[in-house]
Amino acid sequence: MNPSVRSSRRQFLGLSAALAAGCFVTSRPAFSASRSANEKLNIAVIGPGGRGHENLMGVSSENIVAIVDADFRRAAKAFELFPNARKFSDYRKLFDTPDFFDAVVVSTPDHTHAAPTSIAMKQGKHVYTEKPLTHSLFEARSLQETAAAAKVATQMGTQIHAGENYRRVVEIIRSGAIGPVTEVHVWVGKGWGGGELPQEFPPVPEGLDWNSWVGPAPFREFHPTYVPANWRRWWDFGNGTLGDMGCHYMDLPFWALGLKHPTKITAEGPALNLQTAPIGMTAEYEFPAVGSQPACKLKWYDGTMTPKEVRGRKVPGSGVLFVGSEGEMFADYGSYKLYPEEKFADFKPPAPTIPRSIGHHQEWIRACKTGEPTTCSFDYSGPLTETVLLGCLAYRMQKPIAWDAVNLKCPGTPEADAIINRPYREGWTL
């Protein structure tokens, strides 16, 4: 066995033991329920540009006391809106003086989600982290364990989870309206993939701390192909379309069916590129029966492999189709429909049982102040993220993989270990 793989395994076992003993949390939570729920949180925002701007505004009812971004050009609007916030380009510097903030929002590229999230929780800070929760499977599991030990409020940024339509779909599926569900199709007509390594390297633009942007990933020279958004194509930084959108659309069947860990994953797509994700792929997951939920297969499609029809029915560019013994249900962010239409013409949905959300960001803020649970805590979003990443792993292995969720291993596929637990660049740590 490769020495780095043995080290990774020891690291995982050591982490689990240390967390179980409670010795990874180095300070008490900065904001406790004993303080007034009307008292504002002091929040540090890491990555306020692009998608992160919505997260910044989502928590702007509180005190924004620090703004961290490796690219000050992207953070310029945030600096303007919150001129009194402390400014950092390297998130590690933020955590050198942790006493002035209570909670952290992480909206960086995927490869830098886990480290600041982990450090924050170990310092007793509440954390809101964008989807997918992490870039690697080991990171996802370690954040779940750290959150459980730290007992802080956590939320993954799957904002559509707070929408009314998702709640009604979950209630209908759970009511048994279409019978037990054994098959789900999930597709997104979007394509983050393709590209080749650049051969020329222009100067790093002023205002961009490139070393901090690369963070724990293997270092490479700056090129504009990576920023601000195309990093999603590159395996070192993102996980293609599945990594980008899987947590949003697979969230619905995960929630409705109570899914957790698949046991077998098969993926298909174009020839493997060692640098970039495919422009289109499919991934099929097999989930075991749990309680009243029978064994279930979930198939994902994206990019150039997005279907025009599913089970003989024309479908829009993105959506979810549940297949039950008594019917089928299509759903997307804002609508749902039951099939066969004639059978469900007079269908009346069950009385709502899932309360209306106060807002995805507000749920987390309330949890920070009161200790109430959030709907996308790391206990829920960790397994969801792991499942998304397993589809990418199966594609990169170019063969079906089995999954041992207890030990974070693909039995019979030792070469997967280097992706399950990627090495960190020296100077950066989880």
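Under a 5 Å amide H cut-off, with hydrogens placed 1.01 Å from N, Thr276 pairs with Trp235 among residues at least 5 apart or on other chains. Annotation for segment 282-333: trypsin sites (Lys or Arg not before Pro) lying in DSSP loop with at most 11 further Cβ atoms inside 10 Å of their Cβ are Lys308.
Relative to the compact-globule estimate of 2.2 N^0.38 Å, the Cα radius of gyration of segment 196-282 comes out at 1.37. Here r is the Cβ-Cβ distance between Thr304 and Gln362 and R0 is 45 Å; the resulting FRET efficiency, rounded to 0.05, is 0.75. Its Cα gyration tensor gives segment 301-430 an equivalent ellipsoid, and the semi-axes of that ellipsoid, as √(5λ) in whole Å with the largest first, are 34, 27, 14.
Quick one: Trp210, Trp255, fewest Cβ neighbours within 10 Å first, how do they rank?
Ordered by Cβ neighbours within 10 Å, fewest first: Trp210, Trp255.
Against the empirical curve 2.2 N^0.38 Å, the C-alpha radius of gyration of segment 277-333 lands at a ratio of 1.27. Each residue of segment 138-155 is assigned a 3J(HN,Hα), and the resulting list reads 4, 4, 4, 5, 5, 5, 4, 5, 5, 4, 4, 6, 6, 6, 9, 7, 10, 7 Hz, derived from the Karplus form 6.51 cos²θ - 1.76 cosθ + 1.60 (θ = phi - 60°), x at Gly and Pro.
Extension gain for Ala402 to Thr97 (0.36 nm times residue separation, less C-alpha to C-alpha distance): 105.5 nm.
Across the options Tyr285, Pro198, Pro316, the greatest Cα extent toward the positive end of the charge dipole of the chain (unit charges at beta carbon of Lys, Arg, Asp, Glu) belongs to Tyr285.
Let a ≥ b ≥ c be the square roots of the eigenvalues of the Cα gyration tensor of segment 247-373; is it rounded (a/c under 1.5), or, if not, prolate (a/b larger than b/c) or oblate? Oblate, since a/c reaches 1.5 and b/c is not below a/b.
Spin-label pair Ile354-Leu272: with each label point 7 Å from Cα along the Cα-Cβ axis, the two points sit 3.6 nm from one another. Each peptide in 186-194, 339-347, 151-159 was scored by the mean count of other Cβ atoms within 10 Å over its residues; highest first, the order is 151-159, 186-194, 339-347.
Each peptide among 378-385, 349-356, 230-237 gets the average number of other Cβ atoms lying within 10 Å of its residues, and from highest to lowest they stand as 378-385, 230-237, 349-356.
Can you tell me the dipole magnitude for the chain around its Cα centre, using point charges on the Cβ only (Lys, Arg +1; Asp, Glu -1), in Debye to the nearest 20?
Its charge dipole is roughly 500 debye.
Each of the peptides 131-143, 69-81 was scored by the mean count of other Cβ atoms within 10 Å over its residues; in descending order, highest first, they stand as 131-143, 69-81.
Residue separation times 0.36 nm, minus the C-alpha to C-alpha distance between Lys87 and Asp346: what's the value?
On the way: separation 259, 0.36 × 259 = 93.24 nm, distance 5.77 nm.
The Lys87-Asp346 span can extend by a further 87.5 nm.
Here is the link list: Lys260/Lys369; Lys190/Lys264; Lys40/Lys260; Lys264/Lys348. Which ones come out longer than 32 Å on Cα distance? As for pairs spanning more than 32 Å Cα to Cα, those are Lys40/Lys260; Lys264/Lys348.
Taking every Cα-Cα distance in the chain and sorting them into 20 Å bins from zero, the calculated P(r) comes out as 26, 58, 16, 0 percent.
Just so you know, all these numbers are worked out from the coordinates, no wet-lab data involved. Model, not experiment: these values are computed from the prediction. Please note: Cβ atoms are built from the backbone with ideal geometry, for glycine as well, and neighbour counts cover all protein chains shown.
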